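Below is one structure, written out as structure tokens, with a few remarks after it.
The values are calculated or read from the model by the stated rules, or taken from the named source; none is laboratory data. Here the structure is a predicted model, which is why all the values come from computation and not from measurement. Here Cβ is always computed from backbone atoms with ideal geometry, including for glycine, and neighbour counts include all displayed protein chains.
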Amino acid sequence: MGDRIKLIKVTIEETYYLEMRDAEHTHINGWTIDEVIEDWFINYPMGSYHATRDSSLIGGSRKYIKSEIVEPEGK
């Protein structure tokens with residue numbers, strides 16, 4: 001990548017809401033919270049469109065946590 005490239009790793013926080021059917025199951029396919037987390041954040045990249053996840057994001061909840069300069073891989 002050369003010496004003219006710097007990478008900045010940024011950590012952010014976002015808040016999502018989940019409507020619950022009961023203490024264990026959400027209104028999203030009757031899934032548990034762990035199943036929703038797997039579907040929303042593990043199975044689908046954060047940068048890709050996901051209708052249910054995106055509509056559950058609480059607007060204005062994104063907060064900057066920290067940033068750090070990291071070395072490009074292979075350097």
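Data table
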| quantity | calculated |
| --- | --- |
| Near pairs, Cβ below 6 angstrom, 6+ apart or cross-chain, from the stretch 34-51 (closer than 14 Å to Tyr17 by Cα) to any residue that is modelled with pLDDT of 95 or more | Val36/Thr26; Val36/Ile28; Trp40/Arg53 |
| The stretch 33-75, residues that are in a strand (DSSP E or B), exposed (fewer than 13 other Cβ atoms within 10 Å of the Cβ) and not aromatic (Phe, Trp, Tyr) | Lys63, Ile65, Lys66, Ser67, Glu68, Ile69, Val70 |
| Verdict on Trp31 being touching an Asp or Glu at 6+ places or on another chain (Cβ under 8 Å) and modelled with pLDDT of 95 or more | yes |
| Residues being under 13 Å from the mean Cα position of the chain (by Cα), over 28 Å from Leu7 (Cα atoms) and of a type outside the set (S, T, N, Q) - total across the stretch 40-69 | 1 |
